[in-house]
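The values are calculated or read from the model by the stated rules, or taken from the named source; none is laboratory data. What you see is a predicted model, and the numbers here were worked out from it, not measured in a lab. Glycine gets a Cβ as well: all are built from the backbone with ideal geometry, and neighbour counts include every protein chain shown.
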């Protein structure tokens, strides 16, 4: 009996060793550095990719994470994400950190998750990846888009202006067939101009939160400003902009530019997809989804969106095949840009729609944005 019991113990130990070996092989095969830190901020586990990232060969057990990976932001200010995780027990995701060691600066993506045993803080798990090449490509891409947009915007505007002048009543006698061709050419130039603007906006939307200015936004003032701006734009279409703002809404500490761009995009779509004489409503009230947050909603009485199209609505370059929707010119980039803008300021977007009866788009935004946090792209 004792021999059988001993044999079971040995078999169990052997199985555990094999499982540990498999786990170790799996973790060491990852290209991403995996680091486990205890509650004192000391390293208790790491994989081979960690040594590759640090370009060291000696062990780093029981060494301080902050000393092994001295992190700074783009301004050179020291950052301590592990301490933040251990203190607040929340996930920290950053793609703006730099490993500043031995005069070498490496751009890093860092994802640090707290490890708990029930309610007790045990430590943290850090996933770290070198994104220097990605950052370089992003800079080159942004520069390319900026140059192309700048170089094309002026000639497109000039040609569109010349076409508009040529088509003015009394300017010149133009055959009806030629007028139609000129009108089509002008519409395509406007489309191209809008596409360039969307590309520029998308490039801006994908930038880190640290690259934008955060300020105090008063919901009532913002809604009033937008109502005034759009009253002029909708005068020719006989579309009425109505607003409704709850009293005593909190001030928001966020990016005014990005929040306004999202609402403007929703309002523009509501107007484009509504017929003459319709009403578009902009509301602001306490958010039912985000504690102490604010909900902005934009409702229209337009053509509505089918259930199938709603599933793809915020995807890049999506355009509905619906006959009525196709009558409205667009690049299909606007709502995708809105989604990227929302991610950067911690906002949530959702919508409701009834086919041929109108749509409502919602923006749920927190009262405060932590400027240290960068959201995933």
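Can you tell me which residues in region 352-368 are within 20 Å of residue 275 (Cα to Cα) and in contact with a strand residue (DSSP E or B) (Cβ under 6 Å, 6 or more places away or on another chain)?
Initial filter on region 352-368 (within 20 Å of residue 275 (Cα to Cα)): 352-361.
Within region 352-368, 352, 353, 359, 360, 361 qualify.
Would you confirm whether any residue within region 251-260 is in a loop (DSSP other than H, G, I, E, B) and touching a strand residue (DSSP E or B) at 6+ places or on another chain (Cβ under 6 Å)? If you could, list the steps in order and put the result at the bottom.
At the first step, the residues of region 251-260 found to be in a loop (DSSP other than H, G, I, E, B) are 251, 255.
Cutting the leftovers down to touching a strand residue (DSSP E or B) at 6+ places or on another chain (Cβ under 6 Å) gives us 251.
There is at least one residue in region 251-260 that is in a loop (DSSP other than H, G, I, E, B) and touching a strand residue (DSSP E or B) at 6+ places or on another chain (Cβ under 6 Å).
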> Which condition does residue 213 not pass, out of (1) over 27 Å from residue 198 (Cβ atoms); (2) within 20 Å of the chain's Cα centre (by Cα); (3) exposed (fewer than 12 other Cβ atoms within 10 Å of the Cβ), if it passes all the others?
Replying inline: (1)
> In the list 54, 69, 108, which residue meets the criterion of being touching a helix residue (DSSP H, G or I) at 6+ places or on another chain (Cβ under 7 Å) and within 18 Å of residue 131 (Cα to Cα)?
Replying inline: 54
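For region 186-197, what are the residues that are within 25 Å of residue 147 (Cβ to Cβ) and without any contact (Cβ under 8 Å) to a residue 60 or more places away in the chain?
First, pick out the residues of region 186-197 that are within 25 Å of residue 147 (Cβ to Cβ): 188-197.
188, 189, 192, 193, 196, 197, listed by residue number.
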> In region 144-187, which residues are touching a helix residue (DSSP H, G or I) at 6+ places or on another chain (Cβ under 9 Å), exposed (fewer than 14 other Cβ atoms within 10 Å of the Cβ) and assigned to a loop (DSSP other than H, G, I, E, B)?
Replying inline: 171, 172, 174
> Is it the case that some residue within region 241-257 is touching a helix residue (DSSP H, G or I) at 6+ places or on another chain (Cβ under 6 Å), in contact (Cβ under 8 Å) with a residue 24 or more places away in the chain and under 20 Å from residue 356 (Cβ atoms)?
Replying inline: no
> Picking from 248, 265, 307, which residue would you name as being modelled with pLDDT of 90 or more and over 25 Å from residue 217 (Cα atoms)?
Replying inline: 307
> (1) modelled with pLDDT of 85 or more; (2) part of a helix (DSSP H, G or I); (3) in contact with a helix residue (DSSP H, G or I) (Cβ under 6 Å, 6 or more places away or on another chain): which one isn't true of residue 28, the others all being true?
Replying inline: (1)
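What residue, among those in region 274-309 that are touching a helix residue (DSSP H, G or I) at 6+ places or on another chain (Cβ under 7 Å), more than 29 Å from residue 214 (Cα to Cα) and in contact (Cβ under 8 Å) with a residue 40 or more places away in the chain, is surrounded by the most Cβ atoms within 10 Å (Cβ to Cβ)? Quick ask: steps written out before the conclusion?
Pass one, region 274-309, residues touching a helix residue (DSSP H, G or I) at 6+ places or on another chain (Cβ under 7 Å): 276, 280, 282, 284, 294, 296, 298, 300, 302-303.
From what is left, the residues that are more than 29 Å from residue 214 (Cα to Cα) are 276, 300, 302-303.
With the extra rule that they be in contact (Cβ under 8 Å) with a residue 40 or more places away in the chain, the set shrinks to 300, 302-303.
On the way: 300: 26, 302: 24, 303: 23.
Result: 300.
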> Out of region 69-83, which residues are surrounded by fewer than 19 Cβ atoms within 10 Å (Cβ to Cβ), free of Cβ contacts under 8 Å to residues at least 40 places away in the same chain and either outside any loop (DSSP other than H, G, I, E, B) or under 21 Å from the mean Cα position of the chain (by Cα) (or both)?
Replying inline: 72, 78
>> at negative phi and surrounded by fewer than 14 Cβ atoms within 10 Å (Cβ to Cβ): is that true of residue 269 in this structure?
In response: no
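Are any residues in region 116-143 farther than 26 Å from residue 345 by Cα, surrounded by fewer than 17 Cβ atoms within 10 Å (Cβ to Cβ) and either touching a strand residue (DSSP E or B) at 6+ places or on another chain (Cβ under 9 Å) or in contact (Cβ under 8 Å) with a residue 24 or more places away in the chain (or both), and if so, which ones? So that I can check it myself, show each step before the final result.
Residues of region 116-143 that are farther than 26 Å from residue 345 by Cα, as a first pass: 116-123.
Filter once more, so that each one left must be surrounded by fewer than 17 Cβ atoms within 10 Å (Cβ to Cβ): 116-122.
Selection gives 116, 121, 122.
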